[in-house]
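Undergrad: The structure follows.
Every read-out reported here was derived from the displayed coordinates using simple, explicitly stated rules and does not represent laboratory data. No experiment lies behind these values; they were computed from the predicted model shown. Neighbour counts run over all protein chains shown; Cβ positions are idealised from the backbone, glycine included.
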Amino acid sequence: MAIVIGEVKIVEAMGGQIGVEASPATEQPGSDEGEASGNTAWVQIRIITTADGEGDFERRITRATNFQNAVEARDFAALDKTQHRLAVEFLVDRRKYTFKSGEEDATGEAGCSLYEATQAMGCASPNLDTAVQVKREIGQIWQDTTHPPYTDLFNNQTNAPIVWNAVRIMRAVDHTLRELSQSQDERADLIAVHLNRVILYMVFRDPRLVNFRKHDANTDDLCLIASLDCKAVFSAVSAYVKTNHDGDYLARFAKNRSRCKELVDGASMKRRKTTAFTLVELLVVVAIIAVLMALLLPALATAKEDAKRASCGSSMRQIDNCLQEYASNNLSMAPTLWDKNQCEFYANELIDGNTSPHFTG
């Protein structure tokens with residue numbers, strides 16, 4: 001028995017056609033070349049030159065003709081120079097950014113992946129369509145790296161700190177949603193799972209979270225703000241779903257752009273209502289203030305009377321002291337009713353500090 005090693009050669013056949021001559025590795029009963037040559041095959045191929053192609057011509061050729069190799073949409077994003085630059089910037093910060101298929105995704109403080117980055121940046125985008133696309137089919141964003149929505153998320157202005165801050169905010173919101181999914185709210189678990197990206201989109205609308213794009217942003221504070229916002233948004237979304245879509249299938253609901261738009265508008269309106277006083281609440285506050293005033297006014301009136309009484313008593317004591325001083329200096333004689341000028345003079349003398357005035361009359 002002999003083993004014939006397979007080989008592949010590009011050959012030029014008759015008529016100028018180019019093909020591949022392949023002889024597989026097979027076990028043959030003999031060792032002569034005749035038997036081996038009986039197992040060779042000739043396959044016609046076409047060679048396309050892409051040197052003069054425009055734009056991403058070679059990439060479009062690969063996408064259109066590659067049917068036997070497993071090429072994911074993520075692989076096309078991995079060809080983008082922006083992703084390579086982000087990976088280098090993450091390494092400078094001692095973190096890992098995985099964007100190629102086959103790489104083990106970084107988790108926790110070690111870094112993040114292209115999948116997480118696209119989700120976070122998509123929900124941070126002001127365009128709701130991008131956030132819905134992230135939930136519906138994220139691979140569609142990576143299909144074309146030369147046009148939006150991909151270029152809206154990853155461009156020359158995108159850097160590692162921005163991506164990392166957005167991912168950390170997303171992780172904080174996801175952690176809060178996992179806690180809220182265990183609450184007693186109706187369909188809380190389904191809302192936390194299926195509407196998570198719409199909720200994240202609404203959280204990113206907080207003006208305080210705009211700072212996540214700054215290089216020196218305090219990400220811990222931003223994550224705390226995002227967690228608190230997430231609870232308020234979750235309550236508003238739960239109330240809206242219960243009122244308007246109680247029986248809807250939320251997995252399909254979350255992938256419908258128009259439904260999500262209605263949800264964002266309705267839940268935002270409900271949040272604004274919950275942050276303002278209603279007429280009933282205002283009347284209750286006014287009633288409480290009136291009751292408190294009714295309880296406090298009598299006490300204030302009593303205190304005012306006590307103050308007047310104390311002032312009057314003080315004046316009486318001063319008059320008594322004045323009369324006693326007058327009598328001690330005038331042979332124990334009290335001032336007469338018609339001696340008004342002398343009493344005023346004596347009182348003024350006492351005020352000026354002369355405790356022993358003498359009258360000349």
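Undergrad: For segment 182-296, compute the number of Lys pairs whose alpha carbons are separated by less than 17 Å, excluding pairs fewer than 8 positions apart on the same chain.
TA: For segment 182-296, qualifying lysine pairs total 7.
Undergrad: I need Thr151, Thr176, Thr219 ordered by Cβ neighbour count within 10 Å, fewest first.
TA: Details: Thr151 15, Thr176 22, Thr219 18.
Ascending Cβ contact count within 10 Å gives the list Thr151, Thr219, Thr176.
Undergrad: Per residue of segment 305-312, in order, report the coupling 6.51 cos²θ - 1.76 cosθ + 1.60 (Karplus, θ = phi - 60°) as ³J(HN,Hα) in whole Hz, putting x for Gly and Pro.
TA: 5, 4, 5, 5, 5, 5, 5, 5
Undergrad: Could you work out how much longer the chain between Asn127 and Thr151 gets when fully extended? Use 0.36 nm per residue separation minus the Cα distance between them, nm to one decimal.
TA: Extending this stretch completely gives an extra 7.3 nm.
Undergrad: Long-range amide H contacts for Lys96: which residues qualify at under 5 Å (H placed 1.01 Å from N, peptide plane, sequence gap of 5 or more or a different chain)?
TA: Amide H to amide H, under 5 Å and 5 or more residues apart or across chains, Lys96 pairs with Gly111, Cys112.
Undergrad: Using each residue's phi in segment 240-257, evaluate 6.51 cos²θ - 1.76 cosθ + 1.60 at θ = phi - 60° and report the 3J(HN,Hα) Karplus result to the nearest Hz, with x for Gly and Pro.
TA: Using θ = phi - 60°, the values come out as 5, 5, 5, 7, 10, 9, 5, x, 6, 7, 5, 4, 6, 4, 5, 9, 9, 5 Hz.
Undergrad: Given Cα pairs under 8 Å that are at least 6 residues apart, what percent is the relative contact order of segment 72-274?
TA: Details: 255 pairs, mean separation 40.8, N = 203.
20 percent.
Undergrad: Report the calculated FRET efficiency for Thr243 and Val92 (r = Cβ-Cβ distance, R0 = 41 Å), to the nearest 0.05. Intermediate values should be presented prior to the final figure.
TA: Details: r = 49 Å, r/R0 = 1.20.
Efficiency for this residue pair is about 0.25.
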